[in-house]
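A quick write-up on the structure given underneath.
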Amino acid sequence: MEDIMQIALQLLLLVVGFIMLIKGADWFVDGASKIADKFGIPQLVIGLTIVAMGTSAPEAAVSIASALRGEGSAGIAIGNVVGSNIMNVLVILGLTAVIRVIAVKKSTIRYEIPFTIIITVVLALLGLTDNTMSRLDGGILWVLMIVYLLYLLRMARKGQDVTEDVPELTEKDTPLRMILSILIGGALIVWGADVTVDAASELARLFKMDDRLIGLTIVAFGTSLPELVTSVTAAVKGKADIAVGNIVGSNVFNILFVVGTAALITPVTYSASFLVDSMVAVGAMVLLLLCVLPKKKLGRLGGLVMLAGYAAYFVYLIR
């Protein structure tokens, strides 16, 4: 009975942690974007940096907090990112495509999906070489992220819609209000990450599960909630075309920004057991590419195949 109460408490804390992370990221991005706008920074640059990175803030906070804790929750740091990327493609895009057929831009097929496949392989090679993401590895990922940002900037200048929605200034947005939004949002992200990692680590102990498994499933699902809500809502409203670009962009930032930043702060353990998960992450992107190549669309059949793929992967994880 005591164990059941403990599990219920940790699940509740996990949900609270996720809510803090998601709301904190919203407030932080809102405040930071508006201050940048106030100082005359172009909305294009704000969208490509503050807003785009802000969507990866929950993953970044959890991975950094996990890495700083060391061995006790080390598996959550990488598991959270790899699991989120697998879930983003197979579950979120799969579900979105089942609701509504998704058109895919030529640039996404030609450049962004292949780039995501390459950096997923790079992540695995860097991590599996010595079972650690070192500061040098983090630096390599950050260099690749700058290359990606330059690519997005070039695409945006050519008229391609690659930016996230930037919050607009209103009369209510006083400097004090915007600064408070940043401070409260930042505090919620840091606190929420602590609560999430603590609860996830305790659940792993109570269920006698590997922290890698917790990171790949429960934590990955929680930190992917913003992408899930955005993509499904867009599909219901008939605006599903933004889904593939947003998800691919999120996966790129998860690897380059989240893991890169975590590794620069402190070396991150990359267990050899992540080899299979990394292969699944690569396989998910290859499957997406194969599904969209013929007609530049992700149809319902492709969506069902992706959901079935995740179901098979989940059975492998819990077997």
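The values are calculated or read from the model by the stated rules, or taken from the named source; none is laboratory data. What you are looking at is a predicted structure, and each value in this text was computed from that prediction instead of being measured. Virtual Cβ from ideal backbone geometry, glycine too; neighbours counted across all protein chains shown. Just the protein is used for accessible areas: all its heavy atoms, side chains included, with ligands, DNA and RNA removed. Shrake-Rupley method; radii C 1.70, N 1.55, O 1.52, S 1.80 Å.
When we screen Leu126, Leu141, Leu152, Leu90 for residues that are in contact with a helix residue (DSSP H, G or I) (Cβ under 8 Å, 6 or more places away or on another chain), at pLDDT below 90, surrounded by 20 or more Cβ atoms within 10 Å (Cβ to Cβ) and assigned to a helix (DSSP H, G or I), the only hit is Leu152.
Being surrounded by fewer than 16 Cβ atoms within 10 Å (Cβ to Cβ) and either modelled with pLDDT under 90 or of a type outside the set (Gly, Ala, Ser) (or both) is true for just one of Ile118, Ile113. Which residue is that?
After applying the criteria, what remains is Ile118.
Listed by position, the helices (runs of 4 or more DSSP H) contained in the range 217-319 that have at least 1 residues being touching a residue at least 60 places away in the same chain (Cβ under 8 Å), over 13 Å from the mean Cα position of the chain (by Cα) and over 17 Å from Asn88 (Cβ atoms) are 225-236, 260-265, 274-292, 300-318. Looking across the range 182-213, the residues that are among the aliphatic types (A, V, I, L, M) and either farther than 14 Å from Val15 by Cα or surrounded by fewer than 18 Cβ atoms within 10 Å (Cβ to Cβ) (or both) come down to Ile182, Leu183, Ile184, Ala187, Val190, Ala204, Leu206, Met209, Leu213. Under the condition of being under 14 Å from Ser224 (Cβ atoms) and part of a helix (DSSP H, G or I), which residue from the range 38-60 is modelled with the lowest pLDDT? It comes out as Ala57.
Residue under question is Ser84, and the condition is that it be of a type in the set (Ser, Thr, Tyr), open to solvent by less than 10 Å² (accessible area, probe 1.4 Å), assigned to a helix (DSSP H, G or I) and closer than 20 Å to Ala234 by Cα; does it hold? So Ser84 fits the description; yes.
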